[in-house]
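These notes are about the structure you will find just below.
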Ligand SMILES: Nc1ncnc2c1ncn2[C@@H]1O[C@H](COP(=O)(O)OP(=O)(O)OP(=O)(O)O)[C@@H](O)[C@H]1O
C-alpha cells in the first residue's frame, strides 16, 4: 500500500430507493480502509446492487457518503467516476469494438485521477491490464463475439484500467470457469494491496467471499445483518436468518467450509 492511507470510504445513514420505494433506509457502516477487499453478500433483492449504484453515484442517496475528506454525494458524476469505478452485473452485448478498444475507450471516457496519458501510455496501460486479466489472445476480438465469461473478463479489464480508489464489482465472477474465478479473485486482491484500492464486490459464492475478503457485509432487506471478518459474519445463525437455510460453517486453512444441509420452510429470500 503506497497511497491514500487515510482515505477511508464512509457511509452513514444512507438511504436509497426507486420512485416511491425505499430499498436502503438509514444504512451505516464502519469505515472501509484503503487496500481492503470487502464482499457484500445477501439474498436476491436484498439491495446489494442498489447500494453499489448509490456509492457509484448512479442513484441519488440521502445521508453521508465520503471518501477521505471528499463528499462523494456533492460531486459531479465525472469527478465521482475518477475515484469510483462500477462494474455492473449485466454487460452490454452489442458493442462494435474490440476488447482492446473497449479498454482504451474506458480510459478515455473517464480519465484517471492523475496527469493525462499520451496515446502510447493509454495503449500500454490497456494492454498491461488485459494481460493481467488473462485475455491477451482476445485483445483484437470484437466484444460482440465473446462468450459470456469472456465478456465479463473484458468488462473487468475496462474497470481495472482506470485505477480507481474504489472499485465496485457486481458479481464479477458469476459467468467464469473455475480457473478464471480464482484468477480474478487473486488479481483483485493483489491490486487492492498494490494500489491501496478499496474493493467492494457483490458475490453469491460464500466460500469464495470468505477466502478472498478481509471483511464481509451481509445485507438483508436493505439492512446490515452482519459485518466483520469472514468467520464473524458468516455463521450458521446468519445463514438461517438471512438465507433461510440450515448451514454448517467450519474454519479451515483456506477460509471457511460452508455446507448447506437443507432449506428452512419459511422462504422469504426473494420477497
Ligand atoms: N430500477 C428499479 N426500479 C424499481 N425497483 C428496483 C429497480 N432496481 C431494483 N429494484 C428493486 O430493488 C430491490 C433491490 O434490488 P437489488 O438489485 O439492489 O437487489 P440485489 O441484492 O442486488 O439482488 P440480486 O442478488 O438478485 O442481484 C428489489 O426489490 C428490486 O425489485
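How far apart, in nm, are two points set 7 Å out from the Cα along the Cα-to-Cβ line at residue 70 and at residue 15?
About 2.7 nm, to one decimal.
Compare the peptides 162-169, 204-211, 23-30 by average per-residue count of other Cβ atoms within 10 angstrom and give them in order, highest first. Please report the intermediate quantities before stating the final value.
Numbers: 162-169: 22.4, 204-211: 19.8, 23-30: 17.1.
Going by the mean number of other Cβ atoms within 10 Å, highest first, we get 162-169, 204-211, 23-30.
Report the dimensions of the range 126-188 along its three principal axes from the alpha-carbon atoms, largest first, rounded to Å.
30, 24, 17
Once the Cα atoms of helix 148-160 and of the chain are each reduced to a long axis, what angle between those two axes, in degrees from 0 to 90 to the nearest 10, is obtained?
70 degrees
Name the most mobile residue of 194, 253, 171, meaning the one with the largest mean-square fluctuation, in a Gaussian network model of the chain with Cα contacts below 10 Å.
Looking only at 194, 253, 171, the biggest GNM fluctuation is shown by 253.
How high is the relative contact order of the chain, given as a whole-number percent (alpha carbon pairs under 8 Å, six or more residues apart)?
Values: 542 pairs, mean separation 64.4, N = 271.
So the answer I get is 24 percent.
Pick from 261, 186, 221: which is most flexible by mean-square fluctuation in a GNM of the chain where alpha carbon atoms under 10 Å apart are linked?
Residue with maximal mean-square fluctuation among 261, 186, 221: 261.
Calculate the spin-label point distance for residue 190 paired with residue 30, positioning each point 7 Å from the Cα along the beta-carbon direction, and give it in nanometres.
Once both label points are built, they end up 2.9 nm from each other.
Taking Cα pairs under 8 Å and at least six residues apart, what relative contact order does the range 1-156 come out at, in percent?
Computed over the range 1-156, the figure is 20 percent.
For the chain, what does -39500 (n - 2.57) per DSSP helix run (n ≥ 4), summed and divided by total residues, give at 222 nm, in deg cm²/dmol to the nearest 500? Mind dumping the intermediate values first?
Working: 8 runs with 83 residues, N = 271.
It lands at -9000 deg cm²/dmol.
Kindly provide the pair-distance distribution of the range 149-231 built from C-alpha pairs, with 10 Å bins from 0 and whole-percent values in order of increasing distance.
Over the range 149-231, the share of Cα pairs per 10 Å bin runs 16, 52, 29, 3 percent.
Looking at the P(r) of the range 1-125, how many percent of alpha-carbon pairs lie beyond 24 Å? Mind showing how you got there, number by number?
Numbers: 2996 of 7750 pairs.
Of all Cα-Cα distances in the range 1-125, 39 percent exceed 24 Å.
If you take the beta carbon distance between residue 231 and residue 78 as r and set R0 to 51 Å, what does 1/(1 + (r/R0)^6) give as a FRET efficiency, to the nearest 0.05? Please report the intermediate quantities before stating the final value.
On the way: r = 40 Å, r/R0 = 0.79.
Step by step, r from the Cβ atoms, then E = 0.80.
Normalized C-alpha radius of gyration of the chain, against 2.2 N^0.38 Å?
Working: Rg = 18.5 Å, N = 271, 2.2 N^0.38 = 18.5 Å.
Ratio of Cα Rg to 2.2 N^0.38 Å: 1.00.
Where does helix 119-133 land angle-wise versus the long Cα axis of the chain, in degrees 0 to 90, nearest 10?
Compared with the principal axis, the helix lies near 40 degrees.
Pick from 216, 173, 258: which is most flexible by mean-square fluctuation in a GNM of the chain where alpha carbon atoms under 10 Å apart are linked?
Top of the fluctuation ranking is 258.
Taking 22 Å as R0, compute the FRET efficiency from the Cβ-Cβ separation of residue 141 and residue 179 and round it to 0.05.
On the way: r = 19 Å, r/R0 = 0.85.
After rounding to 0.05, the efficiency reads 0.70.
Calculate how steeply helix 178-195 sits against the longest principal axis of the alpha-carbon atoms of the chain, using the helix alpha-carbon long axis, and give the answer as 0 to 90 degrees to the nearest 10.
Tilt of helix 178-195: around 80 degrees.
Taken together, the values in this text are just the output of simple stated rules run on the coordinates, not laboratory data. Nothing here was measured: the structure is a model prediction, and the numbers come from that model. So basically every Cβ, Gly included, is an ideal-geometry build from the backbone, and we count neighbours across all protein chains shown.
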